[in-house]
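I have placed the structure first, in the form of structure tokens, so that the comments after it can refer back to it.
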Amino acid sequence: DGGITQSPKYLFRKEGQNVTLSCEQNLNHDAMYWYRQDPGQGLRLIYYSQIVNDFQKGDIAEGYSVSREKKESFPLTVTSAQKNPTAFYLCASSRDRLNTEAFFGQGTRLTVV
Amino acid sequence: AQSVTQPDIHITVSEGASLELRCNYSYGATPYLFWYVQSPGQGLQLLLKYFSGDTLVQGIKGFEAEFKRSQSSFNLRKPSVHWSDAAEYFCAVGLNDMRFGAGTRLTVKP
């Protein structure tokens, strides 16, 4: 089945540690996105990539990093520079840069302990 | 500045009543328009989308939305709400990227 897979579903991190969230898609989509979701704030765009080896910052990129070495994969690293990393993270993909429709993973809930 | 606004944070309706969720956008051009639904702790599912053509679009689960260019709006409607419709609803616009409104949480009273 085609889809987008995020792992792990739950993740705990100690303060000061970097952590990487995985996002893989087998939809052959060019564009991929990372969003952060906090209660009452909706989805905020962290990074997006419209093609392999290229990505752009979204509205809240500080403290995050990404890579797009393969079309299928768009991992997000939450660095120790992110001051408030506890949140629900959603990865999405869409067919092309015109954003015809985004398909979402099931999300990763990151908690800093 | 480009923005997507959902004016209603929380709406409560009785089961069987009609529903309208509002969405307004501010973009230089007409973007692609979407409505998504999210159940707690889950990803988002697409309800419907508008690219061009007929301004009234039909989606899944009995939802529809109407694009009004003059009002920069794309409101979501359902004639009769079911208890299973309780969820969070997001309006989204796509141009060079995909931006979402803050969401409207729908509660359905029995």
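Could you look through the stretch B:34-44, keep only residues that are touching a Leu at 6+ places or on another chain (Cβ under 9 Å) and in contact (Cβ under 8 Å) with a residue 12 or more places away in the chain, and pick out the one that is nearest to the other protein chains (Cβ to nearest Cβ)? Ranking the candidates gives B:LEU44 first. In the stretch B:26-44, is there at least one residue being closer than 23 Å to A:SER94 by Cα and in contact with a helix residue (DSSP H, G or I) (Cβ under 9 Å, 6 or more places away or on another chain)? Yes, the stretch B:26-44 contains at least one residue that is closer than 23 Å to A:SER94 by Cα and in contact with a helix residue (DSSP H, G or I) (Cβ under 9 Å, 6 or more places away or on another chain).
A:SER22 fulfils the conditions (1) of a type outside the set (A, V, I, L, M, F, W, C); (2) part of a strand (DSSP E or B); (3) within 25 Å of B:TYR36 (Cα to Cα); (4) within 14 Å of another protein chain (Cβ to nearest Cβ) except for a single criterion, (4). When the stretch B:1-33 is filtered for residues that are of a type in the set (Gly, Ala, Ser), in a loop (DSSP other than H, G, I, E, B) and touching a residue at least 60 places away in the same chain (Cβ under 8 Å), the ones remaining, listed by number, are B:GLY16, B:ALA17, B:SER18, B:ALA29.
Within the stretch A:23-47, residues that are farther than 12 Å from A:THR108 by Cβ and of a type in the set (Asp, Glu) have Cβ atoms under 6 Å from residues that are at pLDDT below 95 and outside any strand (DSSP E or B) in these pairs: A:ASP30/A:ASP96, counting only partners at least 6 apart in sequence or on another chain.
In the set A:THR111, A:THR20, A:THR100, A:THR77, only one residue is over 27 Å from B:CYS23 (Cβ atoms) and over 13 Å from the mean Cα position of the chain (by Cα); that residue is A:THR111. Taking first residues from the stretch B:70-87 that are assigned to a helix (DSSP H, G or I) and partners that are loosely packed, with under 14 Cβ neighbours inside 10 Å and of a type outside the set (Gly, Ala, Ser), the Cβ contacts under 8 Å between residues at least 6 apart in sequence or on separate chains come to B:TRP83/B:PRO110; B:ASP85/B:LYS61. Scanning the stretch A:75-109 for residues that are modelled with pLDDT of 90 or more and aliphatic (A, V, I, L, M) returns A:LEU76, A:VAL78, A:ALA87, A:LEU90, A:ALA92. Only one entry in B:SER80, B:SER84, B:SER72 is more than 14 Å from chain A (Cβ to nearest Cβ) and on the phi > 0 side of the Ramachandran plot, namely B:SER72.
The values are calculated or read from the model by the stated rules, or taken from the named source; none is laboratory data. Please read these numbers as outputs of a predicted model, since none were measured by experiment. Here Cβ is always computed from backbone atoms with ideal geometry, including for glycine, and neighbour counts include all displayed protein chains.
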